[in-house]
Each structure stands twice: as structure tokens, then as C-alpha cells.
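None of the figures in this text is laboratory data; all of them are computed from the coordinates on show. Keep in mind the model is a prediction, meaning the values are calculated, not measured. So basically every Cβ, Gly included, is an ideal-geometry build from the backbone, and we count neighbours across all protein chains shown.
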Amino acid sequence: MKWLALIVIILISCQRNTEDVSCCSDTGDNPKDESIKLKESTKKLNDSIEKVFLSKGLVDITSVNSKIQIDLKYASTRNFMKTVLYDTLRKVYLQREVAERLSKCQDFLDSIRPGYRLLVFDGVRPQQVQKEMWDALDSIPRHRRGKFVSNPALGSVHNFGAAVDLTIIDTKGNQLDMGAGYDDFREIAFPKLESHFLSTGELSANQVNNRRLLRRVMSSQKFNNIPSEWWHFNAYSRIAASHKFQLLSTESGSVKWFPISYKKDSVLVEENETP
């Protein structure tokens, strides 16, 4: 009887423990359930953003070419502002025809360097975020600040989904050495000054050749590099982009037509502002 009583006590105890676990599960305290709920809500949010962006003509570039790799810097703290700038964006979006041209760039790269991949840091950028970047660099005089971040009041090619920031990774996933990092504001990052830094020994022949490879790949689909950033390429000029595509105002998908006149653009050129 003593053994029977002991078995009954053990069974009752097990039942109570099971009820406790069920109770925790019902109230959402179970870590596994919380993790599943978080993943589901994140997926719903991403799907919602995707639908909105698709309706505006913007596509996830990896849906066009899965070989292209992504490292969205402004969705993390690994950027020049050391803070998360994209609250909801987790993918890189571009205008569909721009994404298709980028896909052909990846195909071309694969044909001349099998296994090498484009690694994209940024694509379409909401004007709202553009303003945060512009304001963060207020210690730099306005006429020089535009070399690094376009004045949001005048628009950026990024805001229209027609510009892309990127580099190349090799077959082992290592980024090619460009002699300067992404969002490096030093002059050593300027393509127009490569010859100078090569002559001083501050850039090696290998680093310059890596930049040339990136330019060769991007120019195969008529993307144009800018003088002050080795990583930045435009699919269209600022004026052409503003007349062809709508400007993305916010991460929520708000867009507007923002045609830039030749008069406005001439001011930007005079100030050497980044497109």
C-alpha cells in the first residue's frame, strides 16, 4: 500500500506540472511560442511591406536574382551613424527595371569571375531617412556635405529607387579590398582621386583593380559611378530618375512625384552634391 500511495502522489505531481506548463503556454510565457509569434508577425510585416512596395513598382532585388547578396547597413548599427535608420525595411528594393539591370550585372560578373557575387548595402532610401543622414552631418559645411549625402530637400537618386550601393565578394564570401570601407568620407574613397593615392602608395594596385572590376561590371548595364564614392552607382541621372519614377517619402510606402528641373540640378552640380 505504501508503494501504491507513493505512485499516486507521483502521478498527481506530474499532472500538476503538466497543467502548469499548459498554463504558461496559454498565457504566452513559453519562450518557444513567443519566438514563433515573433517570426510570424515579422513575416506578416515583411509581406505587407512587400505588397505596398510592389504596388509602387519597387521589387526585392533577390527575387530577381538570388545570387545577389545583401547586407543592409542602415537596418543595423553598422553604418556611419551607428544607429538603426530603417525601422521596418529588411530587404533591398529597387525599381523593377533597375533591379533587372543589376541582375544582368551579376550574370556578367559570374561569367568573368565564376562564383563571385555582388553584395548590396543599400537601394531605395526613404527621403525621411535621407533627412536624418543630412542632419547628422551638420558639422560639415553644406557645400561639402553634399559630396557624401544629397540634400533631402532636393532629392537623391536613392530616393527614387534608381541608385545602388554595393561591392563584390569572392567565392569564399570575403569582400574585395577596395582600400576604403563603405560610407568612408575620406578622400581615399573618391574614385576621381585613385591615381593620386596610387602614386603615393596609399592605395595598392590590387585595391584599384578591384574598384575597376566593380566599375566594369556595373558599366556593363550602364550604371554610372560617382566621383566621391567607389560603392555608389546610378542607373539614371537625378533629373531622369525624378521624371521616370516616384520618390519614396517614408518606409510605409508613401510616394510622390518630385520632378527635378534643370535649374535645380544645376545648383546641385555647382555644389558637387552626391546624386
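Can you list the trypsin sites (Lys or Arg not before Pro) in segment 192-226 that are in a DSSP coil and have 13 or fewer other beta carbons within 10 angstrom? Show your work: numbers first, answer last.
Details: sites: 192, 211, 212, 215, 216, 222; in loops: 222.
The qualifying sites are 222.
With the contact rule set at Cα under 8 Å and sequence spacing of 6 or more, what percent relative contact order holds for segment 150-217?
Values: 41 pairs, mean separation 17.0, N = 68.
With pairs under 8 Å counted, the relative contact order is 25 percent.
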If you stretched the chain out fully between residue 108 and residue 215, how much longer would it get, using 0.36 nm times the residue separation minus the C-alpha to C-alpha distance? 37.3 nm
29 Å tail of the calculated P(r), segment 35-270, as % of Cα pairs: 27 percent
Taking a 27 Å limit on the Cα-Cα distance, which of the listed pairs 91/256; 51/222; 82/104; 82/222; 56/131; 67/131 fall beyond it? 51/222; 82/104; 82/222; 67/131
Only four residue types carry charge here, +1 at the Cβ of Lys and Arg and -1 at the Cβ of Asp and Glu. Report the dipole size of segment 35-270 about the Cα centre in Debye, rounded to the nearest 20. 380 debye
Sorted by chain and number, the residues with a modelled amide H under 5 Å from that of residue 70, at a separation of 5 or more or across chains, are 120
Nitroxide proxy distance, nm - points 7 Å out along Cα→Cβ at residue 195 and residue 243: 3.3 nm
Residues in segment 86-119 that a label on residue 250 would reach, taking backbone N under 13 Å of a point 7 Å out along Cα→Cβ: 87-88
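Return the Rg/Rh ratio of segment 90-150 with Cα-based radii and a Kirkwood Rh. Mind showing how you got there, number by number?
Numbers: Rg = 16.0 Å, Rh = 14.1 Å.
My calculation puts Rg/Rh at 1.14.
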